[in-house]
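Report on one structure; see the data block that follows.
Nothing in this text is a laboratory measurement; each read-out follows from the coordinates by a stated rule. Because the structure is predicted, anything quoted here is derived from the model rather than measured. Please note: Cβ atoms are built from the backbone with ideal geometry, for glycine as well, and neighbour counts cover all protein chains shown.
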Amino acid sequence: MIDRIPAVAGTFYPKEQFQLKALLKDFFEEKMELSFLKQNVGLILPHAGYIYSAKTAAFAISKLKDFGKPKTVILIGPNHTGIGKGTFSIWDKGKWITPFGDFAVDTKLAAFLIENNPFIVPDYSSHIAEHSLEVQIPILSYFLGSFKIVPILVNNQSYENVLKLTKTLKEIWEVEKSLLFVASSDMNHYESEDITLQKDTKLIEKILEKDIKGMYEIALKYNISACGIGPIASIIPLFENVKLIHHTTSADISGDSFHTVGYASFLLW
């Protein structure tokens, strides 16, 4: 078995369990016992350091109290490092180690994805130092408890490639009905707060309209530097409803309104 060691524990979030619990407690109003999902649900969540983005993520994760908890979380994120192979890199076996325990890969679903999409390849090198999926697991676990995972990195986020991924995700939909699909993305990067909010708003409008092609067009037209457009676009067609839960920028915490990153979270059902 191949196990993944945390790459950003101690930087993006506390590596000690007690410190992590203390931090996340401030972002959630309540925890409750949840039954398993009877329908698949989706979230779009940011992946910055928890001090900046955990509150935005927690608002959306808390909405799962109205639906339930998943047996498996399909994690889809961008590859920031540029390391790896394949259009989509999947970690297909073993477990991911976190301060809240180990999370086993759903090998059955991972194998299904690989068998049904030649563009999805087993590759661990792309995941080793990548943070976009790692940061999702502890905060999801704090609210949901244990679950299996299927980690997928989108190495090439072209519109055409994302359509191929969506097609395979729809096939998974027919196999399982207790899945949480998580698309990991921050919004616009490293511009003033005013510009970031303007650009984020344009992209958010397309997300709420479920206009995938429009997302790509508007990002190109206005140079919107959201890093996970591909992961977002890959899960939107799976759902009838998309709702914006929370939107903010890093300036709320840093006080720096000249170099900001936008964070938004959405619920899909």
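Listing for the model above:
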| quantity | calculated |
| --- | --- |
| P(r) weight above 15 Å for the range 47-113, C-alpha pairs, percent | 70 |
| Neighbour net charge for Val154 - beta-carbon separation under 15 angstrom, K R +1, D E -1 | -1 |
| Cα pair distances exceeding 18 angstrom across the range 173-260, given as percent | 46 |
| Distance from the range 235-249 to the range 1-20 (C-alpha centre basis), Å | 27 |
| Rg/Rg_ref, the range 83-123, where Rg_ref = 2.2 N^0.38 Å and atoms are Cα | 1.27 |
| Per-residue HN-Hα couplings for the range 195-205 [Karplus 6.51, -1.76, 1.60; θ = phi - 60°; Hz; x = Gly/Pro] | 5, 4, 5, 5, 5, 4, 4, 4, 6, 4, 4 |
| Label-point separation, Ala7 to Tyr124 (7 Å along Cα→Cβ), nm | 1.4 |
| Per-residue ³J(HN,Hα) for the range 113-127, Karplus 6.51 cos²θ - 1.76 cosθ + 1.60, θ = phi - 60°, Hz, x for Gly and Pro | 4, 5, 5, 9, 8, x, 8, 9, 10, x, 7, 8, 4, 6, 8 |
| Rounded FRET efficiency, nearest 0.05, which uses the C-beta distance separating Tyr190 from Asp102 and R0 of 41 Å | 0.70 |
| Local electrostatic count, His80, Cβ distance below 12 Å [Lys/Arg +1, Asp/Glu -1] | -3 |
| If the convex hull is drawn through the Cα atoms of the range 1-144, its volume per residue in Å³ | 113 |
| Hydrodynamic radius by Kirkwood, which averages 1/r over all alpha carbon pairs of the chain, in angstrom | 18.3 |
| Residue order, fewest to most beta carbons within 10 Å, for Ser254, Ser185 | Ser254, Ser185 |
| Whole-Å distance, taken between Cα centres, linking the range 99-152 and the range 81-95 | 10 |
| Label-point gap, in nm, between Ala22 and Asn156 - each point 7 angstrom along Cα→Cβ | 4.8 |
| FRET efficiency estimate (nearest 0.05) - Cβ-Cβ, Asn223 to Phe258, R0 22 angstrom | 0.80 |
| Net lengthening on full extension, Met32/Trp173 (0.36 nm per residue, minus Cα-Cα) | 48.1 nm |
| In order through the range 78-91: 3J(HN,Hα) via Karplus (6.51 cos²θ - 1.76 cosθ + 1.60), integer Hz, x for Gly, Pro | x, 9, 7, 7, x, 8, x, 9, x, 5, 10, 9, 10, 8 |
| Environment charge of Ile2, counting only residues whose C-beta is closer than 14 Å and scoring Lys/Arg +1, Asp/Glu -1 | -1 |
| Percent of Cα pairs exceeding the 26 Å cut-off, where the set is the range 116-269 | 28 |
| Cα extents of the range 155-218 along the three principal axes, largest first (Å) | 44, 25, 24 |
| Under 5 Å, built H, 5+ apart or other chain: amide partners of Asp3 | Lys95 |
| Stretch gain in nm, segment Lys243-Lys210, where the contour uses 0.36 nm per residue and the Cα spacing is subtracted | 10.8 nm |
| Added length on full extension, which subtracts the Cα-Cα distance from 0.36 nm per residue, Lys93 to Glu115 | 6.5 nm |
